[in-house]
Amino acid sequence: MMLLPDAIVAATGAPRDAVHANWPLVYAALEKLGVAGLRSQIGAVATIAIETGVTVKGKNLTFQPIAELASGAAYEGRVDLGNISPGDGKRYKGRGYIQLTGRRNYRSYGKLIGVDLEAHPEEALDPETAAQLFALYWKWKKVAAACQAADWKRARQLVNGGLNGWTPFYKIVQALGEK
């Protein structure tokens with residue numbers, strides 16, 4: 001059963017229109033991959049709210065695919081990300097609900113969902129594409145499994161390598177009924 005968008009709005013403070021437009025796409029992608037359990041959904045909502053929780057020019061962009069605010073120059077020449085050509089850092093900077101980053105990830109994830117993200121990295125901002133990318137990451141990196149086990153700190157670490165955003169993440173988890 002899908003978490004209700006209005007419950008997500010109440011728990012996250014995200015704009016109602018953004019949640020109503022984006023959450024059903026994310027839920028459908030999670031369900032398609034068999035990782036739409038209630039705790040997985042709760043973790044997904046908290047993650048998306050934290051990872052997209054930005055305000056630009058006074059507009060709250062929470063709960064929709066975003067492009068990383070930084071230029072991507074920091075990723076230039078990062079062979080571990082597959083950024084081997086000049087300009088790759090900026091071209092393959094983070095995008096989506098969970099910030100897909102690097103030429104290698106754009107290529108491999110794009111192939112899996114049937115979208116040529118390597119040639120068209122901006123497609124990672126399309127809500128349906130971003131939802132598919134999110135769900136793949138959620139399953140492959142075993143974030144869904146950590147959420148289902150209520151290992152919330154592990155779920156957060158699997159997303160960003162540490163506990164950045166932990167406090168607001170966990171407040172959202174609690175607001176959606178988990179401890």
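The values are calculated or read from the model by the stated rules, or taken from the named source; none is laboratory data. Just so you know, these numbers come straight off a predicted model, no measurement behind them. As a convention, Cβ positions derive from the backbone with ideal geometry for all residues, glycine included, and neighbour counts pool all protein chains shown.
Could you figure out which of (1) modelled with pLDDT of 95 or more; (2) at negative phi; (3) not assigned by TED's automatic domain parsing to the domain that holds Arg156 isn't true of Ala29? Of the numbered conditions (1) modelled with pLDDT of 95 or more; (2) at negative phi; (3) not assigned by TED's automatic domain parsing to the domain that holds Arg156, the odd one out for Ala29 is (3). Can you tell me which residue in the stretch 147-178 is surrounded by the most Cβ atoms within 10 Å (Cβ to Cβ), limited to those that are part of a helix (DSSP H, G or I) and of a type in the set (D, E, K, R)? Checked the stretch 147-178; the qualifying residue surrounded by the most Cβ atoms within 10 Å (Cβ to Cβ) is Arg156. Each residue in the stretch 94-146 was checked for being of a type in the set (D, E, K, R), outside any helix (DSSP H, G or I) and surrounded by fewer than 22 Cβ atoms within 10 Å (Cβ to Cβ), and 5 of them qualify.
Scanning the stretch 65-84 for residues that are exposed (fewer than 12 other Cβ atoms within 10 Å of the Cβ) and among the hydroxyl-bearing types (Ser, Thr, Tyr) turns up just one, Ser71.
Does the stretch 35-61 hold any residues that are farther than 16 Å from Asn164 by Cβ, assigned to a loop (DSSP other than H, G, I, E, B) and of a type outside the set (Gly, Ala, Ser), and which are they? Listed by number, the residues that qualify are Val35, Lys57, Leu61. The single condition from (1) assigned by TED's automatic domain parsing to the domain that holds Tyr170; (2) under 23 Å from Trp138 (Cα atoms); (3) of a type outside the set (Gly, Ala, Ser); (4) without any contact (Cβ under 8 Å) to a residue 40 or more places away in the chain that Leu117 fails is (1).
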